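Down below is the structure, laid out as structure tokens.
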Amino acid sequence: MENNEPKSEKNELVYHIPKGWVRFLYIYYILLIVGGIAFMLNIILMINTSHKTNVIANADYVMYTFFVSMLASAAFSGVCYSRKLYKACIDGRVLFENTNRAVFIGNIWYFSLRPIFAVAFSVLFVVCLLGGVYFLMNGLDCVMNERMVYLSAIISSAIGYSVGNLLDRFSIVSEKTITKIQ
């Protein structure tokens, strides 16, 4: 029995995605990147202009913190996974023909859901950050300003770009924990 799949030196995955779906994923990622950055810049510019006139309430800063963190993580996840997809295409690790429908669907969901996972982790990060500050300071009044929005944007960008590594680490930790329990 002969295996016609390309060999990889680093044991990298071979993806089975039809050409039309590869094009769709590139469009999806470009929209995430451009849309995420555009909306994020819009919010930041709005904060900067409103900040000078002191018309932003703490509740608005909380909302902007969540929005900017979601947009930043989605945009940078789009950067990461578009890079991963084009590197796989260049290396010949994307096969356009496949008769196994389950493999095809799994690959599409893998590339489609990673930005959504990034958004979920960034929301979790903001909830934990604000919850910790609220618990320690007995309120958010002292920290809710444009700096919190910038901080969440920076950290959520890193979360978005590294969501794959984060999910892999969670998988390893949970497997080790379950093994210890048994």
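Bear in mind these aren't lab numbers, they're just calculated from the coordinates by the rules spelled out. Predicted model only: the values in this text are computed from it and were never measured. Glycine also receives a Cβ, built like all others from the backbone with ideal geometry; neighbour counts cover every protein chain displayed.
Within the shell defined by Cβ-Cβ distances under 14 Å, the residues around Ser162 carry a net charge of +3, with Lys and Arg each +1 and Asp and Glu each -1.
Sequentially through region 115-125, phi angles give Karplus couplings (6.51, -1.76, 1.60; θ = phi - 60°) of x, 5, 4, 4, 4, 4, 5, 5, 5, 4, 4 Hz, Gly and Pro residues having no value and appearing as x. A value for Rg/Rh (Cα atoms, Kirkwood Rh) was derived from the coordinates, and within the list [x] 0.93; [y] 1.09; [z] 1.04 it appears as [y]. Cβ crowding within 10 Å ranks Phe104, Phe135 as Phe135, Phe104, fewest other Cβ atoms first. If each residue's Cβ is checked for other Cβ atoms within 10 Å, how do Asp91, Asp168 rank with the fewest at the top? Listed from fewest to most nearby Cβ atoms, that is Asp168, Asp91.
Computed from Cα positions, the angle between helix 163-181 and the longest principal axis of the chain comes to roughly 80 degrees.
By how many degrees, 0 to 90 and rounded to 10, does the Cα axis of helix 146-161 deviate from the longest principal axis of the chain? Taking the Cα atoms of the chain, the angle to 146-161 is about 10 degrees.
Which distance in Å, rounded to a whole number, links the C-alpha centroids of region 26-41 and region 87-160? Cα centres, region 26-41 to region 87-160: 14 Å. Can you put Tyr29, Tyr64, Tyr86 in order, fewest other beta carbons within 10 Å first? Going from sparsest to densest Cβ surroundings: Tyr86, Tyr64, Tyr29. Among the lysines of the chain, pairs at least eight places apart or on separate chains and with Cα atoms under 18 Å apart come to 6. Close amide H partners of Leu95, meaning residues 5 or more places away or on another chain with modelled amide H under 5 Å apart, are Tyr15, His16, Ile17.
Estimated from helices alone, the mean residue ellipticity of the chain at 222 nm is -27500 deg cm²/dmol (sum of -39500 (n - 2.57) over DSSP H runs with n ≥ 4, per residue). Converting phi to 3J(HN,Hα) with the Karplus coefficients 6.51, -1.76 and 1.60 and the offset θ = phi - 60°, region 76-87 yields 6, 5, x, 4, 4, 7, 5, 4, 4, 5, 6, 5 Hz in sequence order, with x at every glycine or proline.
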